[in-house]
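The structure under discussion is supplied below as structure tokens; questions concerning it will follow.
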Amino acid sequence: MPNASASLQARNSGPVRNLLIWLAAGLSVVCIGAPLAIIFSYAFSKGVDVFFGEILKPDTLHAVWLTILTAIVVVPINMAFGVCVAWLVTKFRFPGRRLLITFVEIPFSVSPIVAGVTYLFLYGSQGLLGPLLETYDIKVMFTVPAIFLVSLFVTSPFVARELIPLMEVQGSDEEEAALTLGANAWQTFFYVTLPNIKWALLYGAVLCNARVMGEFGATSVVSGAIRGKTNTLPLQVELLFNDYNVAGAFAAASTLALIALLTLVLKVLLERRQGA
């Protein structure tokens, strides 16, 4: 045993380990650290006054607000959807269960651009449901609800994907015991199931929020990118770049980066809480 322990220690402190550490650190600096440094350096290159002047412009403020509003609408809906799907596939056995799990994960494999085009051909004026919607004077595409719809699609798997493995491992013994003792379905959920899954649920919500905040592809197709109306923050970055407003583009981009960093911090805290 001492020889094996010494051999393992020597292997862990060998050149391969050091090479992997330096490789990981180098890739992190090149792929993550350098872009973030460039974003913030360009954002403040003309001074703090110019930075806040760009951020406080009406169109950019509206883009920030619309991005936050989208997260406020989409994340709770996906939390409810994820809980329902996870409950269904882990507590019940039925034909097509595996197919349902695969179906829920389809947004991970579909390009956001393709998703946006699909919604356009479904709800657009020339789409499958377009004539019916026009009959009732309902416009979906190039509106804020269109942004909500595609954001719901691209982020729908995040919460369910976190909950399903956890709930499968936990089993249903505690729920069955609660029902046997006289608790109804709602009491069982709120007092037994929810406390067991709350950290995984919050973790999935954080991932969903991060994805909503950075969504570009599907949103660019269905929103119309109308300034001050249907422009989210990622779309605003592109428009400012196209207008050759480098300071404004990097100011908006740095705001997105800051949101991403805050989300990452929250994600790490939740991971530690889950592991505790």
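Any read-out appearing in this document is the output of simple, stated calculations on the displayed coordinates, not a laboratory observation. Computed from a predicted structure; not experimentally measured. Here Cβ is always computed from backbone atoms with ideal geometry, including for glycine, and neighbour counts include all displayed protein chains.
Using a/c under 1.5 as the rounded threshold, could you call the stretch 4-163 rounded, prolate or oblate? The axes a ≥ b ≥ c are square roots of the C-alpha gyration tensor eigenvalues, and prolate needs a/b larger than b/c, oblate otherwise.
It comes out oblate by the Cα gyration axes.
In whole Å, how far is the Cα centre of the stretch 128-157 from that of the stretch 86-113?
Answer, in whole Å: 23.
Here's a follow-up. With n ≥ 4 as the cut-off for DSSP H runs, can you work out [θ] at 222 nm for the chain, using -39500 (n - 2.57) per run divided by the number of residues, rounded to the nearest 500?
The helix-only estimate for the chain comes to -24000 deg cm²/dmol at 222 nm.
Given the C-alpha centroids of the stretch 159-212 and the stretch 51-74, what is the distance between them in whole angstrom?
First find each Cα centre; the distance between them is then 33 Å.
Placing +1 on the Cβ of each Lys and Arg and -1 on the Cβ of each Asp and Glu in the stretch 10-98, which of 45, 15, 58 has its Cα farthest towards the positive end of the resulting dipole?
Positive-end residue among those listed: 15.
Could you give the length gained on full extension between residue 31 and residue 129, defined as 0.36 nm per residue of separation minus the Cα-Cα distance, in nm?
31.0 nm
Let me ask another. Is the shape of the chain best called rounded, prolate or oblate, per the rule: a/c under 1.5 gives rounded, else a/b larger than b/c gives prolate, else oblate, with a ≥ b ≥ c the square roots of the Cα gyration tensor eigenvalues?
oblate
With a ≥ b ≥ c taken as the square roots of the eigenvalues of the C-alpha gyration tensor of the stretch 199-276, please select rounded if a/c is under 1.5 and otherwise prolate if a/b is larger than b/c or oblate if it is not?
Verdict is oblate for the stretch 199-276.
Another one. Starting from the Cα of residue 18, step 7 Å along the direction of its Cβ; do the same at residue 61; then give the gap between the two resulting points in nm.
So the two model labels end up 5.6 nm from each other.
Expressed in nm to one decimal, what extension gain is obtained for the pair residue 117 and residue 271 from 0.36 nm per residue of sequence separation less their Cα-Cα distance?
51.9 nm
Hey, fewest Cβ within 10 Å first, where do 121, 148, 108, 250 land in order?
108, 121, 148, 250
On a straight-distance basis, which aspartates and glutamates could pair with residue 46 in a cross-link, Cα separation under 12 angstrom, same-chain partners fewer than 8 positions away excluded?
Of all the aspartates and glutamates, those that pass the test against residue 46 - Cα under 12 Å, at least 8 places apart if same chain - are 54.
Next question, about the same structure. Pairs 139/229; 57/229; 198/267: which are spaced more than 18 Å apart, C-alpha to C-alpha?
Beyond 18 Å: nothing from the list.
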